[in-house]
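Right, one structure below, let's go through it.
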Amino acid sequence: MPNADHAMDAPHAVLRVRGVGHRYDGVAALSGINIEVRAGEVLAIVGENGAGKSTLLKILSGVVSQTDGTLEFLRADGVWESHELDGVRDAARAGIALVHQELNLAENLDVAGCIFLGREPSRFGVLQLASMRTQAAHWLACVGLSVDPRTPCSALSIAQRQLVEIAKALSTQARILILDEPTSSLSAHETARLLNLLRELREKGVAILFVSHHLDEVLALADRVVVLRDGRQSGELVRAACDRATLERLMVGRATTMPSQRVSQQSAAIRLEVRDLVSSHRSARPLSLVVRAGEIVGLAGLIGAGRTELLEAIAGVTVSQGSAHLDGELLKGGVACRVRDGVALVPEDRARNGLFLENSVAMNVSLAWIDKHRAKGIVPAQGERRLVDRMISSMQLRPQVPHRRVRTLSGGNQQKAVIGRFMAIEPKLLLLDEPTRGVDVGARAEIHGEIRRLAESGSAVLFASSELEEILLLADRILVMHEGDIVGSFAAQDATEVAIMRHATGGRS
């Protein structure tokens, strides 16, 4: 890791991006990008989903090659050298480490093995397990993750996986650290710790590229901000010139508006009733709750509080004690049975549990609809095509190409696809786990709008989010969880971030 002496120097460029672009199947995803990456500085890259952010980061980290332009690196002797990165290993040799938005840890390894995969310490050809685990513990402590390095990666939550990915990148002691939505699965506490860590790395002379849809994080951390729109630069701002309204306008080409106040649903009929349900959470208590027709209820809490386990128990993903009733009828069976009964779950980890990445947008969007019609003995092809076109339009998926593989979409458009799949069947109960993870400000408003429209049709909505801003913006009522228990309940108009966080951390009013 560069030492603290670098902090005394003014930021200087270590990488120049000159006219860089990339085409997928002849279609330009990125064009004419010109930026400087400087040591001891945080450069934020912002833009709507599909604006080209992830493509740019993949070029800079050697995942894909640019089809236009050049990359120029400052060598140790002070000479600039034009160099096209030939893969991730080549990027690593150039001092670049990337933390992907979509996590890709080797689940068959333990945490230490994942952190040092391909760089395992050895002596005379013998793997030094004790040394590797000691070093892994150090990097895990740096990111505030208190797990045993011997823990299998398959046992980690998505938030823990995110922190392991960051620890892995730090362990390479890269001079350019690239982070793609690093806080998308982290709670406010973990996010604050990570931002402080990035400030420390900046002071040590590390160049940091930071992609985030959370503009508050960008405004708090970035020294400069480059804005992308439709694959091109729409602006570059220094810290003093940045504010949320300016960034949103440069990102989406329009001002964003606040939604109108929703009508209270306190007198509506109960759609979901949970009675003494005990989920798979390690500290789960018997939980009881109701969600009324047309009501949107938010689950707040820190990572590990039990929100995901509660949603999965209601959806039939896991076996649980107690019961859940929909419109007075006991929910039985697994996920498929409950989908047919009108229950839909949008999972937290879309890549692992929500999408068929190698299949088309059309297949992913229509899957639940097809299953519902197959149960009736017929799948009308023309009706399926109309449904796909309607959901691509209503979810504002970009690009609007039904046959395109989901893997090639931006993270936000992948999220729209998995939510659209269940919007298509108009469920009686919609369960969402982190519904806007990795989604930009424009797409977030679109997704929130679709959720509100579904609720206004009479569906019940129960969602979990680590973002207090989203909880306060979307929910009619808020339930706060801590250590597997519901410890607080607020009407939206009575809730504050301070009160929610007090309950989420184990305190009381």
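The values are calculated or read from the model by the stated rules, or taken from the named source; none is laboratory data. Model, not experiment: these values are computed from the prediction. Glycine also receives a Cβ, built like all others from the backbone with ideal geometry; neighbour counts cover every protein chain displayed.
Points to keep in mind about this one:
- Of Asn364, Asn353, Asn413, all but one fail to be part of a helix (DSSP H, G or I), closer than 29 Å to Lys58 by Cβ and without any contact (Cβ under 8 Å) to a residue 24 or more places away in the chain; the exception is Asn353.
- Complete set of residues in segment 72-122 that are outside any loop (DSSP other than H, G, I, E, B) and farther than 25 Å from Glu36 by Cα: Asp110, Val111, Ala112, Gly113, Cys114, Ile115, Ser122
- Any hit, segment 491-499, residues being among the hydrophobic types (A, V, I, L, M, F, W, C), surrounded by fewer than 21 Cβ atoms within 10 Å (Cβ to Cβ), modelled with pLDDT of 90 or more and not assigned by TED's automatic domain parsing to the domain that holds Glu217: yes
- Taken together, Ile178, Ile115 contain a single residue that is in contact (Cβ under 8 Å) with a residue 40 or more places away in the chain, surrounded by 22 or more Cβ atoms within 10 Å (Cβ to Cβ) and assigned by TED's automatic domain parsing to the domain that holds Glu48, which is Ile178.
- Within the option set Ile425, Ile419, Ile447, Ile451, being touching a Ser or Thr at 6+ places or on another chain (Cβ under 6 Å) and of a type in the set (A, V, I, L, M) holds for one residue only, Ile447.
- Within the option set Ser146, Ser157, Ser131, being in contact (Cβ under 8 Å) with a residue 60 or more places away in the chain and not hydrophobic (A, V, I, L, M, F, W, C) holds for one residue only, Ser157.
- Lone qualifier among Gln128, Gln135 - being in contact with a Pro (Cβ under 6 Å, 6 or more places away or on another chain), modelled with pLDDT of 85 or more and surrounded by fewer than 21 Cβ atoms within 10 Å (Cβ to Cβ): Gln128
- Some residue of segment 63-80 being under 22 Å from the mean Cα position of the chain (by Cα), surrounded by 13 or more Cβ atoms within 10 Å (Cβ to Cβ) and over 21 Å from Gly304 (Cβ atoms): yes
- Of all the listed residues (Leu302, Leu345, Leu330, Leu277), the sole one being more than 14 Å from Arg421 (Cβ to Cβ), in contact (Cβ under 8 Å) with a residue 60 or more places away in the chain and either surrounded by 14 or more Cβ atoms within 10 Å (Cβ to Cβ) or more than 26 Å from the chain's Cα centre (by Cα) (or both) is Leu302.
- Residue count for segment 453-508 satisfying the condition of being within 21 Å of the chain's Cα centre (by Cα) and of a type in the set (S, T, N, Q): 2.
- Considering the conditions (1) modelled with pLDDT of 90 or more; (2) farther than 14 Å from Ser212 by Cα; (3) in a strand (DSSP E or B), Ala44 is excluded by exactly one of them, (2).
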